[in-house]
Amino acid sequence: MLNNLVKGFYRNIPDALYHQLKYALFFRKVPHLAKPVGYSEKLMRRKVYPLAMYTQLSDKYLVREYIERLWGKEYLIELYAQGKKLTEEMYESLPNTFVIKANHGSGYNKLVFDKSQTSFNELRVLTNSWLRQNFYQVYRERHYKDISPCIMVEKMLLEDGKTPNDIKIHCFNRNGEVRFFIQIDYQRFIDHRRDFFDAHWNRTEIRMGVPNSDVPMEKPCRLEQMLKLARQVAEQFSYVRVDFYQVQERIYFGELTFTPGAGLQRFTPEIIEQEWGGYFQE
């Protein structure tokens with residue numbers, strides 16, 4: 001009963017108060033929403049006062065139009081199907097391996113390595129559960145509130161039979177000076193490890209959430225091109241994370257994220273929270 005009361009309280013309070021309470025409980029300190037200083041404080045403010053265009057660019061389907069205009073269609077992962085829901089006709093048209101996802105939040109995805117082992121009914125139940133959710137209600141990230149949900153099916157990217165590492169470029173823009181930190185997530189669905197590199201591919205001491213890798217990833221052969229593409233996006237925002245994959249020598253766009261981890265992630269060492277907060281204004 002108490003748990004229901006707490007949920008009801010959070011559900012009915014304004015977004016600004018909700019985020020300040022969540023921040024205070026998570027970080028054990030009072031946030032400064034009016035004049036944020038740290039990285040997470042600034043993301044908290046962004047969740048309350050997002051730019052209007054964050055909604056389109058956080059939509060995993062509509063963002064493809066933006067990337068095609070800015071970079072070109074060749075950077076998009078092949079789209080097998082898209083619709084308001086998964087239909088049997090859509091399912092029957094799919095190849096043996098694919099990635100199925102919803103467009104309106106985080107965590108709505110499933111990798112299908114063998115279609116014969118995953119029935120239409122199993123995927124229908126799963127995708128319908130995604131579509132019933134408004135991702136805004138999970139962490140009150142307001143820019144997700146008005147995304148119209150749909151289902152997408154994309155080609156599965158594989159290299160030597162494995163999914164490629166996630167290359168996530170944190171882009172900071174303060175008065176036109178763009179700074180990059182590159183987050184690498186290794187085998188996110190198996191034995192998750194994470195490293196952070198600077199723009200010159202020096203591994204940093206930064207840790208966030210999961211352990212560092214035992215063997216750091218070698219510098220991607222197309223890193224300079226990825227940084228060039230990320231800069232084109234970064235020039236339009238004070239902060240954005242631009243995600244890529246590299247398979248052999250080809251670059252693919254992943255997604256744009258404006259409030260990674262809903263701004264509720266702890267850094268080691270703790271000073272990174274303030275350093276990253278100083279790299280952009282919100």
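Residues in segment 210-241 that are within 20 Å of Phe280 (Cβ to Cβ), assigned to a strand (DSSP E or B) and of a type in the set (A, V, I, L, M): Val240 only. Of note, Phe244 does not satisfy the criterion of being part of a strand (DSSP E or B), without any contact (Cβ under 8 Å) to a residue 24 or more places away in the chain and either surrounded by 13 or more Cβ atoms within 10 Å (Cβ to Cβ) or β-branched (Val, Ile, Thr) (or both).
Exactly one residue out of His170, His200, His143 is at pLDDT 95 or above, assigned by TED's automatic domain parsing to the domain that holds Lys84 and under 26 Å from Glu273 (Cα atoms), and it is His143. Within segment 196-236, the set of residues being surrounded by 18 or more Cβ atoms within 10 Å (Cβ to Cβ) and over 18 Å from Asp185 (Cα atoms) comprises Leu229, Val233, Ala234.
Of all residue pairs spaced 6 or more apart or on separate chains, none has beta-carbon atoms under 6 Å together with a first member in segment 74-101 that is under 11 Å from Lys155 (Cβ atoms) and assigned by TED's automatic domain parsing to the domain that holds Asp114 and a second member that is modelled with pLDDT under 95 and surrounded by 13 or more Cβ atoms within 10 Å (Cβ to Cβ). Taking segment 233-251 on its own, how many of its residues are touching a helix residue (DSSP H, G or I) at 6+ places or on another chain (Cβ under 6 Å) and of a type in the set (Phe, Trp, Tyr)? Matching residues across segment 233-251 total 1.
Meeting the requirement of 1 or more residues that are of a type outside the set (S, T, N, Q), out of contact with any Pro (no Cβ under 9 Å at 6 or more places or on another chain) and closer than 17 Å to Thr257 by Cβ, the helices (runs of 4 or more DSSP H) wholly within segment 71-149 are 136-139. Only a single criterion out of (1) at pLDDT 95 or above; (2) out of contact with any His (no Cβ under 6 Å at 6 or more places or on another chain) is not satisfied by Arg241, namely (2). Considering segment 152-174, and only residues there that are over 17 Å from the mean Cα position of the chain (by Cα) and touching a residue at least 60 places away in the same chain (Cβ under 8 Å), the residue that is surrounded by the most Cβ atoms within 10 Å (Cβ to Cβ) turns out to be Val153.
Do the conditions hold for Ala230, that is, is it under 26 Å from Glu273 (Cα atoms) and in contact with a helix residue (DSSP H, G or I) (Cβ under 7 Å, 6 or more places away or on another chain)? Spelling it out, it is not the case that Ala230 is under 26 Å from Glu273 (Cα atoms) and in contact with a helix residue (DSSP H, G or I) (Cβ under 7 Å, 6 or more places away or on another chain). For segment 93-101, state whether one or more residues are surrounded by fewer than 13 Cβ atoms within 10 Å (Cβ to Cβ) and among the β-branched types (Val, Ile, Thr). Checked segment 93-101: no residue is surrounded by fewer than 13 Cβ atoms within 10 Å (Cβ to Cβ) and among the β-branched types (Val, Ile, Thr). Here is the figure for segment 241-278: residues that are more than 30 Å from Lys155 (Cβ to Cβ) and assigned by TED's automatic domain parsing to the domain that holds Arg203 total 0.
The values are calculated or read from the model by the stated rules, or taken from the named source; none is laboratory data. Predicted model, so just to flag it, every value in this text is computed and none were measured. Don't worry about glycine lacking a Cβ; one is built from the backbone with ideal geometry, like all the others, and counts go over all protein chains shown.
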